[in-house]
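Q: Mind having a look at this structure? Questions to follow.
Each reported figure results from applying straightforward, stated rules to the coordinates on display, with no laboratory input. Worth saying up front: this structure is predicted, and the values here are computed from it rather than measured. Because the Cβ atoms are built from the backbone with ideal geometry, glycine has one as well, and the counts that use them run over all protein chains shown.
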Amino acid sequence: MCGIFGYIGKRTDAGTIVIDGIKNLEYRGYDSWGIAQRQGNLIIVEKNTGKISDVDTARFHQECSAAIAHTRWATHGGVTQLNAHPHTSSDMHIAVVHNGIIENNELLRKNLQEKGHIFLSDTDTEVIPHLIEEEQKISSDFASAFQRACKKLEGRYAILAMNTKSGSLVAARKGSPLIVGVAKDQGYFIASDIPAFLNYTRTVHYLDDGEMLVTDGSSILFADLESGKEHPKRHIKITRTVEETQKGDFDHFMLKEIMEQKETIARAVNQNEEQIRTIADAIKNAQGTFLAACGTAHKACMAAEYFFSVIVQHHVNVASAGEFKLFHHFLKPESLLIVVSQSGETADVLEAMHIAKLKGAKVLAIVNNEGSTIDREADFTLSINAGPERAVASTKALTGQMAVLMLIAYTLAGKLHEGKTLLLETGSMINDMLNPRYLERIKALAQTLKEEEDCYIIGKSWNFPMALESAIKIQEVSYIHAEGFAAAELKHGPIALIEENTPCLVLVGNDEVTVDIINNAIELKARGAKIIGVGPARHAVFDEWLKVPDVGPAQAICNIIPIQILAYYLAVERGKNPDLPRNLAKSVTVK
Ligand code: F6R
């Protein structure tokens, strides 16, 4: 959460570069923004509440060759102008932007205040420039003062600092991502994520945990944060294109990404067969296979528990990554942890990974964002190949994650090709389903539901996690109160919530549990519910029916798509921006 971006180099439009670039990181947080530009011996800071996308880039076109910018998702301190980053030292020669949480900030602040430092904000970040300033009193070299200051910080961070006296940018990483873009003829771009600088370069260095860098715009040095010892670092060429990260003709990224599911299932299934077999063997030989993830990715793992049960009768343990550490007693060196993450940066998922590694267990990561921390730290990685997902609400990543997990289950059952064929057919049927008439039909349904305050979703088997996921999608973009349940749980409490015309979405397949869930829908209808069925067949109990193809064990992948579309149109019909839901950020890099 929070995006940071800085530039230093030969160009003299650093202000516009960083404002333009940070707009591409808005998905990381969008409650306030700020910029610091180096103008000779001065640092000029401008910051405010509101979205960075609403800021006019041209305003920052001043002669300037170094600048840093920030887009915030508030952790410490409310959403105010003073709490927005950058934060500065007392002498205004140091400016800092930060992503993460400084856990010992209260103690550091108290010590600094005793030394006469005056704080203007309620943030944890503000201690950093003051701490560097204090360290510079011991020895004035900016980079070493920065390094000593970082060693006093506890918590997770990516920090980027600018100094007028040395004329350099320094950065460090512990837990939160930082990537350096190198454009030989232009300079260095330092960002939380690649889209910030993709217009300028595809040559990157990924900063590792416990690593720092110093650059004056013409060269760059990497060093160990603990010892300060310098080391060489190789750059990597990435293949991402600018077009992939743009909205194109769509009104919102969310709709673009929903529509991309016409092809992303096939892309997810396009895996190296030998690698998939190696992973299936690792699962077969593991003493305990665990799956951990957060939010939507966690729902993919829950669906996978059913895939492993039904397709291969192999037991796996699924946990929300934030709860995983409580199960560490079950981990052995022979265990396998599968983590699933679109961004590859989610703090709780990283923690789960670290716990497993401490126990000597192996980690398989299923990620979308190649080069992310989770990708780089895992023992094996499978990419879902979905391309950049920009909308905060995850859509194409979920179906890609389920496709990869299902392919692994089929491979473990010795039926890789059967699984691949099923998933490719599913992808092709989704391609047919996602036509303009289908969207219009769901848009019309959204118009009838847009004034509702509550909505419930039920599912059974792999449709149960999809009911939970449906609730997340509807809540986060439309702000309608939505809750998902295992259909059989209804009679144990939730049915008390049903009143005349309460909308209830019923996710159905064509399998041995269909009869049960239809009976549950009939029970809901008997209490006045309006039943919106999602499934391959129309059942008499449905008041409305959203048809999806009949794809057997891959039904969860199809059934969630009309709900994603419904959530999208509910948001639009209610006048909300589905790409930037309130209070959220795409990459949850704090615990
Ligand atoms: C909801 C959503 C989140 C993410 C969760 C995990 O639409 O996007 O629930 O799924 O924050 O993120 P990743 O997959 O990046 O680890």
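Q: Which entries of LYS110/LYS591; LYS491/LYS530; LYS256/LYS591; LYS262/LYS576 have Cα-Cα distances beyond 19 Å here?
A: Details: LYS110/LYS591 24 Å; LYS491/LYS530 17 Å; LYS256/LYS591 30 Å; LYS262/LYS576 25 Å.
The pairs that break the limit, which is 19 Å between Cα atoms, are LYS110/LYS591; LYS256/LYS591; LYS262/LYS576.
Q: Which translational diffusion coefficient, to the nearest whole µm²/s, is obtained for region 3-244 from the Stokes-Einstein equation, given a Kirkwood hydrodynamic radius over C-alpha pairs, 20 °C and 1.002 mPa s?
A: Numbers: Rh = 17.4 Å.
Answer, rounded: 123 µm²/s.
Q: Separate question: Let me make sure I get this right: for region 532-591, a, b and c are the square roots of the gyration tensor eigenvalues over alpha carbons, sorted descending. Under 1.5 in a/c it's rounded, otherwise prolate if a/b > b/c, else oblate. Which is it? List each step's numbers first, then the result.
A: Numbers: a/c = 3.60, a/b = 1.72, b/c = 2.10.
It comes out oblate by the Cα gyration axes.
Q: Sticking with this one: What is the magnitude of the charge dipole of the chain about its Cα centre, with +1 placed on the Cβ of each Lys and Arg, -1 on the Cβ of each Asp and Glu, and no other charges, expressed in debye to the nearest 20? Spell out each step's value before the answer.
A: Details: 61 positive and 73 negative charges, 146 e Å.
Rounded to the nearest 20 debye, it is 700 debye.
Q: Tell me the trypsin sites (Lys or Arg not before Pro) within region 187-233 that lie in a loop according to DSSP and have at most 13 other beta-carbon atoms within 10 Å. Show your work: numbers first, answer last.
A: Working: sites: ARG202, LYS229, LYS233; in loops: ARG202, LYS229, LYS233.
Here the sparse-neighbourhood loop sites are LYS229.
Q: Additional query: Evaluate region 247-434: find the radius of gyration of its Cα atoms, find its Kirkwood radius, and give the ratio Rg to Rh. Kindly include the intermediate steps, with their values, before the conclusion.
A: Details: Rg = 15.8 Å, Rh = 16.4 Å.
Reported Rg/Rh (Cα atoms, Kirkwood Rh): 0.96.
Q: Using a ≥ b ≥ c from the Cα gyration tensor of region 435-581 (square roots of the eigenvalues), is it rounded, prolate or oblate, where a/c under 1.5 gives rounded and otherwise the larger of a/b and b/c decides, a/b for prolate?
A: Numbers: a/c = 1.58, a/b = 1.22, b/c = 1.30.
Judged from the Cα gyration tensor, region 435-581 comes out oblate (a/c at least 1.5, b/c at or above a/b).
Q: Here is a further query. How high is the relative contact order of the chain, in percent, counting Cα pairs under 8 Å that sit 6 or more residues apart?
A: Working: 1373 pairs, mean separation 70.5, N = 591.
Relative contact order comes out at 12 percent.
Q: While we're looking at this one, here's another question. Under a cut-off of 14 Å between alpha-carbon atoms, report the aspartates and glutamates in cross-link reach of LYS237, not counting same-chain residues fewer than 8 places apart.
A: GLU370
Q: In region 285-386, how many lysine pairs have Cα atoms under 20 Å apart, counting only pairs 8 or more places apart or on different chains? Write out the running numbers ahead of the final one.
A: On the way: LYS299/LYS325; LYS325/LYS357; LYS325/LYS359; LYS325/LYS362; LYS332/LYS357; LYS332/LYS359; LYS332/LYS362.
Counting lysine pairs in region 285-386 gives 7.
Q: Among SER53, ALA84, SER65, which residue has its Cα furthest toward the positive end of the charge dipole of region 38-89, with +1 on Lys/Arg Cβ and -1 on Asp/Glu Cβ?
A: ALA84
Q: Does region 265-304 come out rounded, prolate or oblate, given a ≥ b ≥ c as the square roots of the eigenvalues of its C-alpha gyration tensor, rounded meaning a/c under 1.5 and, failing that, prolate meaning a/b above b/c? Working shown, then result.
A: Numbers: a/c = 3.32, a/b = 1.11, b/c = 2.99.
Oblate shape, in that a/c is at least 1.5 and b/c is the bigger or equal ratio.
Q: Which of the GluC sites (Glu not before Pro) across region 434-488 are loop residues per DSSP, with 16 or fewer other Cβ within 10 Å?
A: Values: sites: GLU440, GLU451, GLU452, GLU453, GLU469, GLU476, GLU483; in loops: GLU451, GLU452, GLU453.
Those satisfying the criteria are GLU451, GLU453.
Q: How about LYS229: which lysines have a C-alpha closer than 20 Å to its C-alpha, ignoring those fewer than 8 places off in the same chain?
A: LYS151, LYS152, LYS174
Q: Using only the Cα atoms, work out Rg/Rh for the chain, with Rh taken as the Kirkwood radius, to two decimals. Show your work: numbers first, answer last.
A: Details: Rg = 25.0 Å, Rh = 25.0 Å.
On the Cα set of the chain, Rg over Rh gives 1.00.
Q: Which lysines, if any, have their Cα less than 19 Å from the Cα of LYS47, not counting same-chain residues under 8 positions apart?
A: Partners within reach: LYS23.
Q: Quick one: grab Rg to one decimal and Dmax as a whole number for region 414-480, Cα atoms only, in Å.
A: Here Rg and the maximum Cα pair distance are 15.9, 49 Å.
Q: Taking every DSSP beta bridge that has both residues in the chain, what percent is antiparallel when rounded to the nearest 5? Intermediate results must be reported in sequence, preceding the final value.
A: Details: 63 of 101 bridges.
So the antiparallel bridges in the chain amount to around 60 percent.
Q: If you don't mind, there's one more thing I want to ask. Compute the distance from the alpha-carbon center of region 193-222 to that of region 336-356, in whole Å.
A: What the calculation gives is 24 Å, centre to centre.
Q: Taking region 75-154, which trypsin sites (Lys or Arg not before Pro) meet the DSSP loop condition and have no more than 12 other C-beta atoms within 10 Å?
A: On the way: sites: ARG109, LYS110, LYS115, LYS137, ARG148, LYS151, LYS152; in loops: LYS115, LYS152.
In loop regions of region 75-154 (DSSP not H, G, I, E or B), the sparsely surrounded trypsin sites (Lys or Arg not before Pro) are LYS115.
Q: Now for a separate question. Using each residue's phi in region 559-565, evaluate 6.51 cos²θ - 1.76 cosθ + 1.60 at θ = phi - 60° and report the 3J(HN,Hα) Karplus result to the nearest Hz, with x for Gly and Pro.
A: Computed from phi, the couplings for region 559-565 are 5, 6, 5, x, 6, 4, 5 Hz.
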